[in-house]
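Novice: Handing you this structure, nothing more for now.
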Amino acid sequence: MIAIDGLGNKICIIGCSSSGKSTLANKLSSKLNIPVTHLDFLAHYADSDWQRRPDQELVQAHDEILKNNKWILEGNYSVCMSQRFAKATSIIWIDPNVYGAAYRSIKRSFFPGKNRIGKLPGAQKNNHFWLINHILSVYPKNRKKYQGLLSHINIPIVRIHSIKELNDACKQWQIDSCIKT
């Protein structure tokens, strides 16, 4: 596992929905004093119940963040992934078992926590049934796409395969456990 200071100051966090990306991003942001942006917030209108912005708006907002000297960008969005990877100093890929991620998504739908990290500001709906389908059907296909994109990258890549590995990484980086098991 790479040391926390080896992550640099431009960190991408990608991976499966409901895997702990947002939580890890916020914890790293606090530890490293690097601003974090959750791409879901750029990709959707606030107070809209997850109404998607046009790709052009997302890419424009995304590329403005890339101009900064320090950032943590959390989320996938293939439409702007390659330019993010080109500027990053490291990539953390949280790639757990999809059934565990689907379980966490279902659990969120029954216990939605008002201040849950990664919840779109002002959203009333949680889109959990759509998200469960995405986790189980779409993410496995995206996993192959990400493997291809990352095979050409020459920066540190930390690939995390389970909640236990995520919490072990957090422990090594001396931050609180990321996900409760």
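Each reported figure results from applying straightforward, stated rules to the coordinates on display, with no laboratory input. These figures come from a predicted structure and were not determined experimentally. Here the Cβ positions follow ideal geometry from the backbone for every residue, glycine too, while neighbour counts run over all protein chains shown.
Novice: Lys/Arg Cβ at +1, Asp/Glu Cβ at -1, dipole of the chain taken about the Cα centre: which of Gln174, Gly100, Tyr77 is farthest positive-ward?
Specialist: Result: Gly100, furthest along the dipole toward the positive end.
Novice: Can you give me the long-range amide H partners of Ile13? Hydrogens built in the peptide plane at 1.01 Å from N, cutoff under 5 Å, separation of 5 or more residues or another chain.
Specialist: Amide H neighbours of Ile13, under 5 Å, 5+ apart: Leu73, Glu74, Gly75, Ile92.
Novice: Need one number for the chain: average projected area of the convex hull over its C-alpha atoms, nm².
Specialist: The directionally averaged projection comes out at 9.6 nm².
Novice: Semi-axes of the equivalent ellipsoid of region 1-74: what are they in whole Å, largest first, if each equals the square root of 5 times a C-alpha gyration tensor eigenvalue?
Specialist: 23, 15, 10
Novice: Ranked highest first by the average count of other Cβ atoms within 10 Å around their residues, in what order do 76-85, 50-59 fall?
Specialist: Ranked by mean Cβ neighbours within 10 Å, highest first: 76-85, 50-59.
Novice: Below 16 Å, Cα to Cα, which aspartates and glutamates can Lys141 reach? Residues fewer than 8 away in the same chain don't count.
Specialist: List returned: Asp95.
Novice: Using alpha carbons only, how many angstrom separate the centre of region 89-106 from the centre of region 1-52?
Specialist: Centre-to-centre (Cα) distance: 13 Å.
Novice: Take peptides 7-15, 96-104 and line them up by average Cβ neighbours within 10 Å, highest first, as a rough protection proxy.
Specialist: Final packing ranking: 7-15, 96-104.
Novice: For the residues Thr89, Thr37, what sequence is obtained by ranking on other C-beta atoms within 10 Å, fewest first?
Specialist: Fewest-to-most Cβ neighbours within 10 Å comes out as Thr89, Thr37.
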